[in-house]
1. Given the structure, is residue 69 outside any helix (DSSP H, G or I) and touching a strand residue (DSSP E or B) at 6+ places or on another chain (Cβ under 8 Å)?
2. Could you check region 75-109 and list, in sequence order, the residues that are part of a strand (DSSP E or B), more than 22 Å from residue 270 (Cβ to Cβ) and over 21 Å from the mean Cα position of the chain (by Cα)?
3. Kindly check whether there is at least one residue in region 110-125 that is crowded, with 19+ Cβ neighbours inside 10 Å, modelled with pLDDT of 95 or more, under 30 Å from residue 338 (Cα atoms) and over 19 Å from the mean Cα position of the chain (by Cα).
4. When you go through (1) modelled with pLDDT of 85 or more; (2) more than 19 Å from the chain's Cα centre (by Cα); (3) crowded, with 17+ Cβ neighbours inside 10 Å one by one for residue 239, which number turns out not to apply?
5. Look through 337, 369 and report the one residue that is out of contact with any strand residue (DSSP E or B) (no Cβ under 6 Å at 6 or more places or on another chain), closer than 22 Å to residue 398 by Cβ and surrounded by fewer than 22 Cβ atoms within 10 Å (Cβ to Cβ).
6. Can you name every residue in region 407-419 that is farther than 16 Å from residue 333 by Cβ and modelled with pLDDT of 95 or more?
7. Which residue out of 330, 267 is over 19 Å from residue 53 (Cβ atoms), touching a helix residue (DSSP H, G or I) at 6+ places or on another chain (Cβ under 6 Å), touching a residue at least 24 places away in the same chain (Cβ under 8 Å) and not in a helix (DSSP H, G or I)?
């Protein structure tokens, strides 16, 4: 397959492959490091229905009015809704809950951007983009994005997840069917070898014009990208799972083509009939996350996963339509296999989920010198933990040293404080 054919097929499949993804063989090695997965709970996930339950105030939750207590798994409390009980029972040891996160907005677009990048302002890179730019240079699908905030800051182009047929076609462009090929593999290999030799001979001449040299370099580099995609063919199953986008993305990560995956699941904008909405939206979210851990274990990469679950903001007490409106304060969840910092809760919100100032070092309430947790604080800690800090003034979040929360310190926790 020639480079133009590869790019044409990728475009038809909806797969964006950045120019720097077609680099030299030395620059395009299979990735075997940590895999960052961001999951956007689209619409504004209610913290009272998730990891910051309230049982006494009947204006907040219908389960409080019914006298149903919150569930407990390890040190984590969760609302008695959806599949929360089974989910946290299975995963509490590898989970860090961050409560009392102030989004600084109750707008969907601004909130999604703030939690994806760490900043309300435009122009900052999604943490997935920054991760891919740091760890995935030269990979064909470094940043796989199936939803959520996907605007690039110019570091890496997001790759939309192809459907099953397109993914097979990218990995096996010569396959006419499951058992037959368009051409003999030996003939294709021979033709590719001749082309590669010709390109190397052109480069060796040393008299190419700059634009011609770039074109030849990209052509040579595309052979490595093609070889990487072909490695996926041995990993593609006869049939994909129900969570098809997640399944495809995990296979790409298993093959070393991707460093980060961004997923989205919605239904959380429950302005009316809140409990009915949660009965559908919460299980979709927890089942997706549970699937990621189970499937990644099957693929042998679960030890490499770092999963973050976030939303645009939280939600208010119940309104007159038995729904909940937008509220700036919400929660996030971080997960990692065998995490020494798991089974913890960091951060606090008030009785009706008001913002609370806490100490960055002790995680306890501190009205005098405490700080309200905001997206930029979480992102500053993530950048340090994931080794993607940058000094680029365009992308530096500029979080003062005194506001660096010790989220990943296993000896520091807030627990659940009665305010």
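The values are calculated or read from the model by the stated rules, or taken from the named source; none is laboratory data. Computed from a predicted structure; not experimentally measured. Backbone-built Cβ (ideal geometry, glycine too); neighbour counts: all protein chains shown.
1. no
2. Once the filter is applied, which keeps residues that are part of a strand (DSSP E or B), more than 22 Å from residue 270 (Cβ to Cβ) and over 21 Å from the mean Cα position of the chain (by Cα), region 75-109 yields only 76.
3. no
4. Tallying (1) modelled with pLDDT of 85 or more; (2) more than 19 Å from the chain's Cα centre (by Cα); (3) crowded, with 17+ Cβ neighbours inside 10 Å, residue 239 fails exactly one: (3).
5. 369
6. 409, 410, 411, 412
7. The match here is 267.
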